[in-house]
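To start, the structure itself, in structure tokens.
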Amino acid sequence: MSIVTVQLGQCGNQIGFEVFDALYSDSHCPQGLCSKRENEVYQASCKERFFSEEENGVPIARAVLVDMEPKVINQTLSKAAQSGRWKYGQHSCFCQKQGSGNNWAYGYSVHGPRHEESIMNLIQKEVEKCDCLSGFFIIMSMAGGTGSGLGAFVTQNLQDHYSNSLKMNQIIWPYGTGEVIVQNYNSILTLSHLYRSSDALLVHENDAVHKICAKLMNIKQISFTDINQVLAHQLGSVFQPTYSMEGSYHYRRNPLGELMENLVPHPEFKMLGIRNIPQMSENSLAYSTFTWAGLLKHLRQMLISNSKMEEGIDWQVRPPLSGLPTLGKVSLNRELHFNTSIANLVILRGKDVHSADLGKQKLRAYIHQYTKFGEEEDFLDSFTLLEQVVASYCNL
């Protein structure tokens with residue numbers, strides 16, 4: 001079954017390129033430990049998911065590229081074509097000459113309705129190339145205007161037009177120090193709208209990925225390309241084919257469906273995160289040895305202690321056991337350290353759930369940039385929804 005990727009905005013298109021490049025490189029790696037036949041089956045399964053074939057034999061990414069400015073899309077198309085290994089479709093992109101000015105409301109209320117038909121037609125053409133559609137993978141950021149605002153609008157339209165197909169949004173949470181002055185507004189509005197229309201939200205924090213690049217990859221001057229390649233590696237590890245219960249030469253057919261089945265047990269709880277190990281520079285691989293038992297032990301503790309990487313794991317944190325007092329009655333130190341949910345981490349950025357203030361009455365600066373597009377009620381609805389999300393996760 002095939003996945004159609006929708007790349008939105010500068011962030012979405014740059015990450016999307018790295019994801020497809022990583023997927024192709026992995027599936028055509030000559031240094032695998034499998035037999036020739038196993039490699040061929042693996043390549044075929046990967047190609048079916050993410051690529052279609054053109055007459056000259058060059059794989060075409062199953063993707064639609066959308067941005068309101070042409071620069072990044074032109075660079076992305078050029079880099080893919082110059083690689084000579086794979087490329088994007090000739091008519092798979094949509095761009096304009098005016099951006100969204102980092103304004104969620106402009107992307108959602110202006111660009112969305114204005115270009116809805118053109119964008120949805122491109123997506124429909126890509127869907128028609130699939131023999132069997134598994135769903136959509138939407139890559140976008142939350143800080144800007146096009147990725148967040150137009151991304152929320154497109155996801156909503158996908159839900160309306162393809163209600164039976166699964167939709168997973170990969171969203172990039174902005175740096176805590178701030179990328180744009182209104183990133184908090186954009187993030188709140190994006191998250192609340194996606195919660196209504198998406199089946200799963202795969203969250204990546206820029207701060208966490210930056211830390212991985214610095215401490216584990218030993219990169220001295222970190223660029224967005226470095227960050228995007230780490231993200232692509234993590235996403236590839238999730239979406240590449242895995243064996244089914246039938247054994248060798250048989251791969252699972254529905255990647256999105258199986259992820260949702262195991263990780264999204266209820267529509268209220270759809271926020272996902274990735275922890276993967278080992279993560280290190282290629283130069284360090286030759287001097288490292290691993291065992292499955294050791295890797296799984298570290299990975300489990302990363303989840304329990306809410307550690308983004310294997311370095312500096314807090315081994316003192318333990319999950320609560322049945323028969324012990326509830327989290328509300330244990331010490332404050334235990335309550336703040338045990339990872340009860342990803343939603344608490346993402347929405348509250350590590351604050352104590354009970355003391356966090358979402359601040360309805362503090363929305364003043366720059367709010368006129370949103371209300372002039374009729375988004376005042378949207379703010380109130382967004383806060384209400386996200387407070388309910390937090391409450392639902394707290395009651396787990």
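The values are calculated or read from the model by the stated rules, or taken from the named source; none is laboratory data. Note that the structure is a prediction, hence the values are computed from the model and not measured. Here the Cβ is made from the backbone with ideal geometry for all residues, glycine too, and neighbour counts use every protein chain on show. When the accessible area is computed, the model is the full protein with side chains, heavy atoms only, and any ligands, DNA or RNA have been set aside. Shrake-Rupley method; radii C 1.70, N 1.55, O 1.52, S 1.80 Å.
Quick notes on this one:
- From Asp199, Asp226, Asp207, residue being over 20 Å from Asn13 (Cβ atoms), of a type in the set (D, E, K, R) and at pLDDT 90 or above: Asp199
- Looking only at the stretch 285-303, residues that are in a helix (DSSP H, G or I), over 24 Å from the mean Cα position of the chain (by Cα) and within 16 Å of Leu216 (Cα to Cα) come to 1 in all.
Here's the yes/no breakdown for (1) out of contact with any strand residue (DSSP E or B) (no Cβ under 8 Å at 6 or more places or on another chain); (2) modelled with pLDDT of 80 or more:
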{"residue": "Gln10", "(1), (2)": "no, yes"}
{"residue": "Gly16", "(1), (2)": "no, yes"}
{"residue": "Asp21", "(1), (2)": "yes, yes"}
{"residue": "Tyr42", "(1), (2)": "no, no"}
{"residue": "Cys46", "(1), (2)": "yes, no"}
{"residue": "Glu55", "(1), (2)": "yes, no"}
{"residue": "Asp67", "(1), (2)": "no, yes"}
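- Complete set of residues in the stretch 132-156 that are in a helix (DSSP H, G or I) and either outside the structural domain of Ile15 (by the TED database) or open to solvent by 10 Å² or more (accessible area, probe 1.4 Å) (or both): Thr146, Phe153, Gln156
- Yes/no for Gln159 being open to solvent by less than 10 Å² (accessible area, probe 1.4 Å), in the same structural domain as Glu268 (by the TED database) and either outside any strand (DSSP E or B) or not hydroxyl-bearing (Ser, Thr, Tyr) (or both): no
- Test: residue in the stretch 41-53 that is within 25 Å of Phe239 (Cα to Cα), without any contact (Cβ under 8 Å) to a residue 24 or more places away in the chain, open to solvent by 10 Å² or more (accessible area, probe 1.4 Å) and under 23 Å from the mean Cα position of the chain (by Cα): yes
- A Cβ distance below 8 Å, combined with a sequence gap of six or more or placement on separate chains, defines the contacts here; from the stretch 65-76, residues that are open to solvent by 10 Å² or more (accessible area, probe 1.4 Å) reach residues that are charged (D, E, K, R) and not in a strand (DSSP E or B) in the pairs Glu69/Lys97; Pro70/Lys97.
- The set of residues in the stretch 300-313 being open to solvent by 40 Å² or more (accessible area, probe 1.4 Å) and farther than 20 Å from Asp207 by Cα consists of Arg300 alone.
- Subset of the stretch 54-64 [farther than 29 Å from Ser100 by Cα and touching a residue at least 60 places away in the same chain (Cβ under 8 Å)]: none
- Matching residues, the stretch 162-192, being part of a loop (DSSP other than H, G, I, E, B) and surrounded by 24 or more Cβ atoms within 10 Å (Cβ to Cβ): none
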